[in-house]
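Written below as structure tokens is the structure these notes are about.
The values are calculated or read from the model by the stated rules, or taken from the named source; none is laboratory data. Keep in mind the model is a prediction, meaning the values are calculated, not measured. For neighbour counting, all protein chains shown are included, and Cβ atoms are generated from backbone atoms with ideal geometry for every residue, glycine included.
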Amino acid sequence: MLIKARAAIPYSMSIIDLTTTKKPDLALRLKLLAKIGEHKPYNCFQCIRCTSGCPSMKMLELKPHEIVSLASLGFIEELIASGTVWACATCLKCKERCPQAVAPVDLIFALRNLAVEKEAKVPESFLRSLSAILETGFVQKPQDTVTRKMEKVNREKLDLPKFHEPDEKFKAAFFKVLELFQE
Ligand code: SF4
Ligand code: SF4
């Protein structure tokens, strides 16, 4: 059974200047909550299990439990503008570890979707990954590499089979998924 917690107070307010604290955007908070199904951030009781298992923790300006806390309070614009949600490696560990079924990673996905809707700047690396999926079916295009003996090798040289470009059916399904995430 989930413990119902009150909106927690964030430990870090690094993206919110406390001298000019903005008001939370409750309408945007409701929109975000609608996107994440049952994994509601307001059930978080700040145990920090998510953050303690997060492999991207050091790269995140805000830690998973802090993202949850700020989202729960309604500081959505600030989270989107901070770019912190793009540093998550989407390993899903926070979702697995949360005793309250909060799923910080789902929240991060929803924040990314909102960021795209609001035409916030998407990191180049994400755009490159999307193009690579469309062109090759993989997140990263096959690359040449160098052995320990400094010999340059690639798939052709290693006699590996050629990649087949994704067909139109794959591309149509891919775009359909992208549309679903923007609903
Ligand atoms: S593990 Fe769950 S309950 Fe604990 S801080 Fe993270 S989101 Fe909150
Ligand atoms: S999904 Fe993201 S936020 Fe969650 S543990 Fe993995 S890297 Fe950290």
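The table below lists the values:
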item: From Pro64, Pro55, Pro41, residue being farther than 17 Å from Leu114 by Cα and surrounded by 16 or more Cβ atoms within 10 Å (Cβ to Cβ); result: Pro64
item: Those residues of region 118-138 which are assigned to a loop (DSSP other than H, G, I, E, B) and either surrounded by 11 or more Cβ atoms within 10 Å (Cβ to Cβ) or of a type in the set (Phe, Trp, Tyr) (or both), in sequence order; result: Lys118, Ala120, Val122, Pro123, Gly137, Phe138
item: The lone exception for Lys162 - which of (1) exposed (fewer than 10 other Cβ atoms within 10 Å of the Cβ); (2) over 23 Å from the mean Cα position of the chain (by Cα); (3) at pLDDT 85 or above it fails; result: (3)
item: Candidate set: region 59-117, residues that are more than 14 Å from ligand 2 (Cβ to nearest atom), among the hydrophobic types (A, V, I, L, M, F, W, C) and within 13 Å of the chain's Cα centre (by Cα); chosen: the one nearest to Leu178 (Cα to Cα); result: Val116
item: Extreme residue, nearest to Leu111 (Cα to Cα), among residues of region 22-41 that are more than 16 Å from ligand 1 (Cβ to nearest atom) and among the small types (Gly, Ala, Ser); result: Ala34
item: First in region 147-175 and outside any loop (DSSP other than H, G, I, E, B), second anywhere and modelled with pLDDT of 90 or more, Cβ under 8 Å, 6 or more apart; result: Lys152/Asp144; Lys152/Thr145; Lys152/Val146; Val153/Asp144; Val153/Thr145; Val153/Val146; Val153/Thr147
item: Restricting region 42-92 to residues that are within 10 Å of ligand 1 (Cβ to nearest atom) and among the basic types (Lys, Arg), the residue that is nearest to Ser125 (Cα to Cα); result: Lys63
